[in-house]
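First comes the structure, then the notes that go with it.
The values are calculated or read from the model by the stated rules, or taken from the named source; none is laboratory data. Owing to the predicted nature of the structure, the values given are computational and were not obtained by experimental measurement. Glycine gets a Cβ as well: all are built from the backbone with ideal geometry, and neighbour counts include every protein chain shown. All accessible areas refer to the heavy atoms of the entire protein, side chains included, with ligands and DNA or RNA removed. Shrake-Rupley method; radii C 1.70, N 1.55, O 1.52, S 1.80 Å.
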Amino acid sequence: MKSVLIRDWPLSSVFIKSIQWVSASLPNRCLMCHQSVLLPSRGLCSACLDSGLYHQPICQGCGCSMQVQTKFCGQCTKSQPLSVIAPCSYHQGLGRWIGAMKYQSQFAALPILSQALVCRVREMERLSLLQLPQVLIPVPLHAKRLRKRGFNQAWLIANEIYKQLNIPIVTNAVERVVDTRSQAGLTGKQRRHNLLSAFRLADDLPYQRVALIDDVVTTGTTAKEIASLLEKRHIHVQVWCLARAEAPGLLD
């Protein structure tokens, strides 16, 4: 299967050039505190970024805080859930800027948040808590929604990761065949029902390890639906995202 990179996706190429042009024309100030940010950094100053990142060990399964960084907490060790790698909680200050990418096409924080994700990935690799995947698979949008929105934020994140880790992006591995309603505001049961048979895999997937890329993981329903298809073909799946919206109280 061909790995699809930026040069192979004109729609996203146009968006990236637009982002670069707009970024270059605006004052380089932090989105949160509005202080000047020294180039080459953009979007968030180091202090505001650091204030929103995890500073404690986090379970890759449920997102709870732990005393010592291992892959899973005691409860998740029993069930071996899907591994989710994220640099921060959606609820601790940075979620607003991640949401602004999807809903307001504001991408100023995209590079630095993607860099924070890569740092988290490298730290987990250093601790032998993950093995780097062979390819990155952005969670796909339905063609109708992609045309309406004009971009897939998961692909934009994957492209930032590719530039730092040089892991190829594959966009034709998973197809969204049902134009489902938005997951926002749905209960867990409604989310699962909403995504039944929503995705289809390509026939040829010559990989053993992949990372699904998304902006935010909430209940993990989307990732689990895709991962279940991949795991049936004996492909190991990780999920990499800019933030996870874990259940209340898990970080206390």
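Tabulated results
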read-out	value
Efficiency of FRET from Cβ geometry, Gln80 and Lys102, R₀ 22 Å, rounded to 0.05	0.15
Region 50-105 shape via C-alpha gyration tensor axes, a/c threshold 1.5	oblate
Links that overshoot a 30 Å alpha carbon limit, given the list Lys163/Lys224; Lys71/Lys148; Lys71/Lys144; Lys78/Lys163; Lys148/Lys232; Lys78/Lys102	Lys71/Lys148; Lys71/Lys144; Lys78/Lys163; Lys148/Lys232; Lys78/Lys102
Per residue value of the accessible surface for region 100-169 (all protein chains in place, 1.4 Å probe), Å²	43 Å²
Net +/- balance of residues flanking Leu230 in space, Cβ distance below 11 Å, scoring K and R +1, D and E -1	+2
Summed residue charge, Cβ within 12 Å of Val118's Cβ, Lys/Arg positive, Asp/Glu negative	0
Region 38-87 and region 216-248: distance between their alpha carbon centers, rounded to Å	15 Å
Exposure ranking of Val177, Val210 by accessible area [1.4 Å probe, largest first]	Val177, Val210
